[in-house]
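These notes concern the structure reproduced below.
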Amino acid sequence: MKIVTALGARPQFIKASVVSAEFARHPQVQEVVVHTGQHFDANMSDVFFAELGMAPPAYNLDIHGGTHGAMTGRMLEGIERVLLQEEPDAVLIYGDTNSTLAGALAAAKLHIPVAHVEAGLRSFNMRMPEEVNRILADRISTWLFAPTDEAVAHLQREGMDAQRIHQVGDVMYDVALHHGQRTAAREDGALKRLELEKGGYILATVHRAENTDVPERLDAIMQALAHVGAEIPVVLPLHPRTRGVLEAQGDLQALAQQIRFVDPLGYLDMVELEQAAALVATDSGGVQKEAFFHKVPCVTLRDETEWTELVAAGWNHLTPPTGKKAIISAMRAALGSQGKVVQPYGTGDAASRIVRCLRSLT
């Protein structure tokens, strides 16, 4: 049995690490990893393969930059070329990026079954490219690996065949259990290098186009972080897109007086900072869940979230970044808060369920 895994973005490397490790336990399964190149910076890509114990990808298409259509089209062409050469039994995709959609389309056009990890997530905001990608990927996937009850319900309401839907839990929980304890044994981790105290800082991440590409929203976020940063240190690993916008606007130097900007971090460094933070403020889908796994309150800087169960449980505080004062208020209120005891993401065996399902159904 041969599986081609198509991925290209940092969160996908993290999710794939546990599934690829599970594939490796089955000698009769061959996995061929295709890296589209969507995240190409060494700190956003190469270091993740090394830290997560993943073998280098068999193919690196080196495709990044350009408009959504141009990028997806080039990825589609490149992945199709690989599929024609490898002739796999199935194609495995993760999440909701342009790499996800390109992998799904390339496989479907060649009549190769598609398996979608994180199927059924919905923000109901069709202006988000991620929402378009995940909906289209779900429609043409043979196996829909849903992480939560709510994701299953979305797929059922959309009329998906029940036999295609498999609730397996969330692979990110597998990752948190597998890699989370590794940070304690590190002698030169991020806390030590950055001279931070446990519970003595806020960890922030900002990278979504809906925030970085709208000046009013980005300004509200940054001014709020700077304001709170005068009370408690704010550490922000700076995504290349966000850095580029702030530099172009001429705001980076002034903001750096109140916000501690650092380069993108490796996975273990990021986990360590999440575990020890007093609060996480983010527009990332994955970081919202990682904060919950480490029992750290989170303020999500978006209009909506796919992980509504964390909002309902009180771990996640959804705050549209439309004004500085609202963000400051949400961050202050979330500091020191705790949510309900819930376990919406399975029992940490999503990867084995996925591989077992693929082996039994191909």
Worksheet item: Taking only DSSP H segments of four or more residues, each worth -39500 (n - 2.57), what value at 222 nm results for the chain once the sum is divided by all its residues, to the nearest 500 deg cm²/dmol?
Response: -13000 deg cm²/dmol
Discussion item. Explain nothing, just the number: relative contact order of the chain, from Cα pairs under 8 Å at least 6 residues apart, as a whole percent.
Written reply: 16
Response to the item:
For the stretch 184-334, the Cα convex hull volume per residue in Å³ comes to 100
Item to complete: Give me the Kirkwood hydrodynamic radius of the chain, using the inverse of the mean 1/r over all pairs of distinct Cα atoms, in Å to one decimal.
Response: 20.8
Worksheet item: Going by the alpha-carbon gyration tensor, a ≥ b ≥ c the square roots of its eigenvalues, is the stretch 120-244 rounded (a/c under 1.5) or, if a/c is not under 1.5, prolate (a/b greater than b/c) versus oblate?
Response: oblate
Worksheet, complete the sentence: Env charge @ V245, Cβ radius under 14 Å, K,R +1 / D,E -1, value -3
Item to complete: Convert each backbone phi in the stretch 317-330 into a coupling constant with the Karplus relation 6.51 cos²θ - 1.76 cosθ + 1.60 (shift: θ = phi - 60°), then list the ³J(HN,Hα) values in order as whole Hz, x for Gly and Pro.
Response: 10, 6, 9, x, x, 9, x, 4, 5, 5, 5, 4, 4, 5
Worksheet item: Most mobile of V18, V32, V214 per a Gaussian network model of the chain (Cα springs, under 10 Å)?
Response: V214
Worksheet entry | Difference of contour (0.36 nm per residue) and Cα-Cα distance, R139 to S337 | 67.4 nm
Worksheet item: Hey, got the dipole for the stretch 184-334? About the Cα centre, +1 on K and R Cβ, -1 on D and E Cβ, debye to the nearest 20?
Response: 280
Item to complete: Figure the gain on full extension for R157 and H26 (residue separation times 0.36 nm, minus the Cα-Cα span) and round it to one decimal in nm.
Response: 43.6 nm
Worksheet item: Given the Cα-Cα distance of A50 and A230 and 0.36 nm per residue of separation, how much length would full extension add, in nm?
Response: 61.2 nm
Fill in: Under the Karplus curve 6.51 cos²θ - 1.76 cosθ + 1.60, θ = phi - 60°, whole-Hz ³J(HN,Hα) for the stretch 71-85, x wherever Gly or Pro sits
5, 5, x, 5, 5, 4, 5, x, 5, 4, 4, 5, 5, 5, 7
Worksheet entry | Counted charge near V4, where neighbours are those whose Cβ lies closer than 13 Å (Asp, Glu -1; Lys, Arg +1) | -3
Fill in: Signed unit charges on C-beta, dipole axis of the stretch 184-334, positive-most listed residue P321, L218, A333
A333
Item to complete: Express in whole angstrom the spacing between the alpha-carbon centres of the stretch 158-193 and the stretch 68-127.
Response: 22
Discussion item. What distance in nm separates the two pseudo spin-label positions at E216 and K109, each 7 Å out from Cα along the beta-carbon direction?
Written reply: 3.9
Discussion item. How big is the dipole moment of the chain about its Cα centre under a simple scheme where the beta carbon of each Lys and Arg is +1, that of each Asp and Glu is -1, and everything else is neutral? Debye, nearest 20, please.
Written reply: 400
Worksheet entry | Amide proton proximity set for L238, modelled H, under 5 Å, gap of 5+ | V262, D263
Worksheet entry | Pairs of Lys in the chain closer than 24 Å at Cα, counting only those 8 or more apart or on different chains | 10
Worksheet item: Which loop trypsin sites (Lys or Arg not before Pro) in the stretch 98-147, with loop taken from DSSP, have no more than 10 other Cβ atoms within 10 angstrom of their Cβ?
Response: R127
Practice prompt. Find, among the chymotrypsin sites (Phe, Trp or Tyr not before Pro) in the stretch 122-204, those assigned to loop by DSSP (not H, G, I, E, B) with at most 10 other beta-carbon atoms within 10 angstrom.
Written response: F124
Response to the item:
With x for Gly and Pro, the residue-by-residue ³J(HN,Hα) of the stretch 262-279, computed from phi through the Karplus equation 6.51 cos²θ - 1.76 cosθ + 1.60 at θ = phi - 60° and given in whole Hz, is 10, 5, x, 9, x, 4, 5, 4, 5, 4, 4, 5, 5, 4, 9, 6, 7, 7
Worksheet, complete the sentence: Within the set D188, D213, D283, GNM on the chain using Cα springs under 10 Å gives the largest fluctuation to D188
Worksheet item: Taking amide H positions as placed 1.01 Å from N in the peptide plane, with prolines and chain starts having none, which residues 5 or more places from Q167, or on another chain, fall under 5 Å of its amide H?
Response: A146
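All of the numbers you see were taken from the coordinates with simple rules; none came from a lab. Quick caveat: nothing in here was measured; it's all calculated off a predicted structure. In this analysis, Cβ positions are derived from the backbone assuming ideal geometry, glycine residues included, and neighbour counts consider all displayed protein chains.
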